[in-house]
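Everything on this sheet refers to the single structure shown next.
The values are calculated or read from the model by the stated rules, or taken from the named source; none is laboratory data. This is a predicted model, so every value here is computed, not measured. Cβ sites come from the backbone with ideal geometry, for glycine too, and all protein chains shown count toward neighbours.
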């Protein structure tokens, strides 16, 4: 038994039909486009995490600045 009751032979037949329908060049192009999209998504996610970390660091620095300390002292 394969995945969910599908045998390896059935998967190979489906793969062969897909290759016959689309051709190897088109499948290779689809694969490279998909890979590029995943790579771009990962890059965007890491950039977002970096900017969030920078924003958090900036807020910490602003909270510890002398001007902010003076505001806190006056409020008390």
Residue match in region 20-31 (condition: surrounded by 10 or more Cβ atoms within 10 Å (Cβ to Cβ), under 19 Å from the mean Cα position of the chain (by Cα), assigned to a helix (DSSP H, G or I) and at pLDDT 85 or above):
yes
On the basis of being in a helix (DSSP H, G or I) and either exposed (fewer than 10 other Cβ atoms within 10 Å of the Cβ) or at pLDDT 90 or above (or both), does residue 43 make the cut?
yes
